[in-house]
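Chemist: This is the structure I have questions about; it appears just below.
Bear in mind these aren't lab numbers, they're just calculated from the coordinates by the rules spelled out. Every value quoted in this text rests on a predicted model; they were computed, and no experiment measured them. Don't worry about glycine lacking a Cβ; one is built from the backbone with ideal geometry, like all the others, and counts go over all protein chains shown.
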Amino acid sequence: MDPYLPEHGDPNYHVEHYDLELDYRVAAGRLSGRAKITAVAKTALTRFALDLGTFKVNRVSIDGKPTRFTHRGHKLTVQARLAAGRQFTVEVRYVGNPTPINTKHWGELGWDHLEDGVLVASQPTGAPSWFPCNDHPSDKATYRISVTTASPYRVIANGDLIDGRVGASTTTWVYLQLEPMATYLASIQIGRYEFIERADDRVPLRAAFPMRLLDGYAHDFGRQSEMMVAFERMFGPYPFNAYTVVVTDDDLDIPIEAQGMSIFGANHIDGRRGYERLVAHEMAHQWFGNSVSIADWRQIWLNEGFAAYSEWLWSQASGGQSADALAKVTWARLAKLPQDLVLADPGVERLFDDLLYKRGALAVHALRLRLGDAAFFAMLRDWTLQNRHGSVTIEDFTRHAQRHSPKPLGDLFTAWLYQAALPELR
């Protein structure tokens, strides 16, 4: 069970594949779903649990045979006698008006309604707002996502668009995500979007946005190709087939992370590249968080510390302030604040605290200063390659980094990751 969010996920089985067939009526806000989930029992089971929001569940079957179930709160408990190691397929048919998952610390998460369309922002526990799942970051699976909705709308989902069928008034969009993906990174976006693809680069760059934002998008996101080249040089090969940016017609407080995709609000286009650091942050998550995923939510530094540090790396690579200068300014700011956060165990209420991001980036910079650039970037490239599409812990990372250093790193990691006091930058 997750130490921070034990009510989510079931450790007794592993999902291999989600096959989702969704029919969504935008005007009515009505979702009809069929989820076919292929999984393997880790131990002998008499029942198992899926996470699912406030839908009416019409039918549950295992390997084609109806079975008993209960659905209370956000838990769908399925009765099943399964031997350890047994592969099985559970099918859930459900219907309802999807609503976000209400959380104590982060407000509403998951399926949300735009002025004209849908936004999905699931991190960390919003995935059950739209499909039944084993909602734990380490339980990664492949996905097929089929969405039928009114034809004026475009659907964007994870992976590659492999099929599209146009009916009298609706269109079906079918996406395939073959690289394993955590549930919180699964996403669909629905809107009246224009779509472009820049396929002349090594990594195809795709974008969906309202037509009125075309010029602003072209300018503010215009350096993504150069950003991708810089990050591949520093982090290793991009881990997915393509990268998609969605810009909604609505304003958003912060961008949203998804696998192979990032979602921004119209307010993140200002004509001055004023939010380019966030463009870099979200792209970096494709390596740190999406491909190399955390084993549980306590490990969040491995996602956000490296994505935040990537903002500084891009600043330097694009002719702005150096990472070292930005680190010094950030250190001086943090030194004036209360020293009450431990990166290796920040607590559930501070998973997305700005202090975690900034101190996390400083910890990465401190490691870079200790190793030197050649060893530091070689270490990062090895990390993303060796753990590609896997799940990791902070202890995995510290052991990995030590293999790239002739001198012990224990004092550095103790000070930066396991103690609250802000260390000096040396």
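Chemist: Applying a 10 Å radius around every beta-carbon, put 109-122, 278-291 in order of their mean neighbour count, most first.
Modeler: Most protected by this proxy first, the peptides run 278-291, 109-122.
Chemist: So if each residue of separation counts as 0.36 nm, and I subtract the Cα-Cα distance between A218 and R426, what length gain in nm does that give?
Modeler: Value of the extension gain: 70.9 nm.
Chemist: Compute the helix-to-body angle for 354-371: its Cα long axis versus the longest principal axis of the chain, expressed 0 to 90° and rounded to tens.
Modeler: The two axes meet at around 50 degrees.
Chemist: So for the chain, if I pair up every lysine 8 or more residues apart or on another chain, how many of those pairs have alpha-carbons under 15 Å apart?
Modeler: Summing the qualifying lysine pairs gives 6.
Chemist: Moving to a separate point now. Kindly state, to the nearest 0.05, the FRET efficiency for K336 paired with A84, given R0 = 51 Å and r defined as their beta-carbon distance.
Modeler: Efficiency, rounded to the nearest 0.05: 0.40.
Chemist: If packing is taken as the average count of other Cβ atoms within 10 Å, what order do 195-207, 8-20, 301-313, 52-64 fall into, highest mean first?
Modeler: The densest-packed peptide leads the list: 301-313, 8-20, 52-64, 195-207.
Chemist: If you don't mind, another one. Which value at 222 nm does the chain reach when only helices count, each DSSP H run of 4 or more adding -39,500 (n - 2.57), with the total divided by all residues and rounded to the nearest 500 deg cm²/dmol?
Modeler: Computed ellipticity for the chain at 222 nm equals -8000 deg cm²/dmol.
Chemist: While we're looking at this one, here's another question. For S151 and R272, compute 0.36 nm times the residue count separating them, minus their Cα-Cα distance, and round to one decimal in nm.
Modeler: 40.1 nm
Chemist: Based on the alpha-carbon gyration tensor of segment 293-417 and its eigenvalue square roots a ≥ b ≥ c, which shape applies: rounded if a/c is under 1.5, prolate if not and a/b is larger than b/c, or oblate?
Modeler: Cα axes put segment 293-417 in the rounded bin.
Chemist: Roughly speaking, what is the centre-to-centre gap between segment 348-426 and segment 283-346 when only Cα atoms are used, to the nearest Å?
Modeler: Taking the Cα centre of segment 283-346 as reference, the centre of segment 348-426 is 10 Å away.
Chemist: Measuring from label point to label point, each 7 Å out along Cα→Cβ, what is the I196 to D324 span in nm?
Modeler: Between I196 and D324, the label points sit 3.8 nm apart.
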